[in-house]
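The structure appears right after this line, and notes come after that.
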Amino acid sequence: MTERKPLIAGNWKMNLNLDQSTALVTSISAGIKDLSGVDVLVAPPYTNLFAVRQAIGNSGILLAAQNMHWEKEGAFTGEVSAQMVIEAGCSHVILGHSERRSLFKETDEMIDSKVMAAFLAGLKPIVCIGETLAERENGKTFEVIRNQLKGSLKYFIDKGSLPAHITLAYEPVWAIGTGRTATPEQAQEVHLFIRNWIKETFDKNTSDQIRILYGGSVKPDNASDLMSKPDIDGALVGGASLKADSFMGIIRF
Ligand code: PGA
């Protein structure tokens with residue numbers, strides 16, 4: 001089996017001003033100096049991307065946008081294209097976060113268009129999926145996950161291949177920002193389901209290589225238990241990524 005390098009990603013959401021953003025990334029780059037074997041990524045708000053990129057320097061921290069539009073350019077007031085995100089210094093982009101899906105009514109079809117546009121522009125997408133509490137309680141978790149995978153990755157399904165640099169993030173909606181984490185067993189069960197789906201839809205080699213992150217109330221004290229599971233390859237961290245000490249605590253899982 002392929003060794004998958006863990007990825008710890010901080011999704012800052014609509015938090016941190018310019019000074020706080022550069023200060024945080026400066027602390028993280030100092031903190032990871034003697035660390036290897038883990039990829040670290042931050043996703044600041046659009047307006048702070050460029051400054052954070054400068055502050056990252058050559059520390060190796062990866063930079064992501066939290067969203068983007070699927071069109072290349074045009075009359076789309078308030079939107080940002082893949083190329084713009086690249087020019088701001090990003091290598092990655094988070095797509096289909098549950099807050100985008102629920103608050104901004106993004107559908108799997110829209111997410112698929114974004115994933116395709118990001119990929120064609122040369123960005124590496126981090127595609128988020130996850131069920132709500134009601135869906136879990138009604139026994140619909142796997143059905144929801146399968147439908148989100150099928151819908152959000154349609155471009156690659158039609159193409160017949162999924163690039164190994166695509167990252168998936170399983171984020172049960174009921175665990176995001178609630179302090180209620182999925183148990184490592186609950187998370188592993190879904191991660192394995194996702195990996196098997198990749199194997200069936202694409203091939204074993206791809207399913208061995210794709211990193212699947214867990215997200216939802218990841219903290220320094222639960223990170224290592226989650227990360228000990230065979231199909232959990234990293235974390236997408238919200239709240240605990242906003243402070244250097246808690247984010248470093250997770251990175252050093
Ligand atoms: P949380 O957010 O860590 O604050 O629960 C995770 C996310 O939304 O990516």
Listed by chain and number, the residues whose amide H is under 5 Å from that of Ala235, excluding neighbours fewer than 5 places away on the same chain and using placed H, are Leu7, Ile8, Ala9, Tyr214
Here the Kirkwood hydrodynamic radius of the chain, Cα-based and in Å, equals 18.1
With the convex hull built on the alpha-carbon atoms of region 1-128, volume per residue in Å³ sits at 119
Checking Pro220, Pro230, Pro125 against a Gaussian network model of the chain (alpha-carbon springs below 10 Å), the top fluctuating residue turns out to be Pro230
For region 92-169, the Kirkwood Rh over every pair of distinct alpha carbons, in Å, works out to 12.7
Other residues with Cβ under 11 Å from the Cβ of Arg252 give, with Lys and Arg +1 and Asp and Glu -1, a net charge of -2
Neighbour-count ranking for Phe156, Phe50 (other C-beta within 10 angstrom, fewest to most) reads Phe50, Phe156
Expected max-MSF residue from Ala117, Ala30, Ala51 in the GNM of the chain (alpha carbon, under 10 Å) is Ala30
The answer for the net charge of residues other than His97 whose Cβ lies under 10 angstrom from its Cβ, with Lys and Arg +1 and Asp and Glu -1, is 0
Projected onto the charge dipole of region 13-80 (unit charges on the beta-carbon of Lys, Arg, Asp and Glu, signs +1, +1, -1, -1), the Cα from Ile28, Leu63, Gly74 with the largest positive-side position is that of Ile28
Along region 196-204, Karplus-curve 3J(HN,Hα) (6.51, -1.76, 1.60; θ = phi - 60°) to the nearest Hz, with x for Gly and Pro, reads 5, 4, 4, 4, 5, 7, 10, 7, 5
Unit-weight point scatterers at every alpha-carbon of region 39-112, Debye formula, q = 0.23 1/Å: log10 I(q)/I(0) is -1.07
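The numbers here are math on the coordinates, done by the rules we state, and not lab data. Quick caveat: nothing in here was measured; it's all calculated off a predicted structure. Note that each Cβ is placed from the backbone with ideal geometry, even for glycine, and that neighbours are counted across all protein chains shown.
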